[in-house]
Every structure is written in C-alpha cells, then in structure tokens.
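Report on one structure; see the data block that follows.
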Amino acid sequence: MRNGSYSKEFKMKVVEEYVRGDGSSIDLEIKYDISSGLLRKWIRMYNANRELVFQMLSSAKC
C-alpha cells in the first residue's frame, strides 16, 4: 500500500496492532507494505499524543 498517503484510520489501526503486541514492527511493515521509518514515525506521534493527553488530564485535576 505504498501510495504516499494513508488515512488516519489506517495509521491508528497499524499502531494499535503494534501497541497491543499483535505483531512486531517488522511483522507489521511486511503485512501492510510500509517502511520501517514510517511506522516508527507513527508510533512516536501516537506516544507523544498519549503523553500530551495524560499531562492535560493531570493538570485538569489539580
């Protein structure tokens, strides 16, 4: 699926599979025909958003 643009839903699907442990990054890169650099970027973005949401929730409770 190398077309240069991927939907938000597709990115979330792949990253969530990785986070759940349904496959290694290599497994998922092969399964979905995406580059390792791209998957790592999506994972970093996912983790950054998760940390940001956690920080916002923590500060709102103060």
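The values are calculated or read from the model by the stated rules, or taken from the named source; none is laboratory data. Everything quoted here is computed from the prediction, not taken from an experiment. Please note: Cβ atoms are built from the backbone with ideal geometry, for glycine as well, and neighbour counts cover all protein chains shown. Surface accessibility is based on the protein's heavy atoms, side chains included, excluding ligands, DNA and RNA. Shrake-Rupley method; radii C 1.70, N 1.55, O 1.52, S 1.80 Å.
Remark: Val53 falls outside the filter, which requires a residue to be surrounded by 11 or more Cβ atoms within 10 Å (Cβ to Cβ) and either of a type outside the set (Asp, Glu) or modelled with pLDDT of 90 or more (or both). Within segment 14-48, which residues are open to solvent by 30 Å² or more (accessible area, probe 1.4 Å), of a type in the set (Asp, Glu) and part of a helix (DSSP H, G or I)? Within segment 14-48, Glu16, Asp27 meet the criteria.
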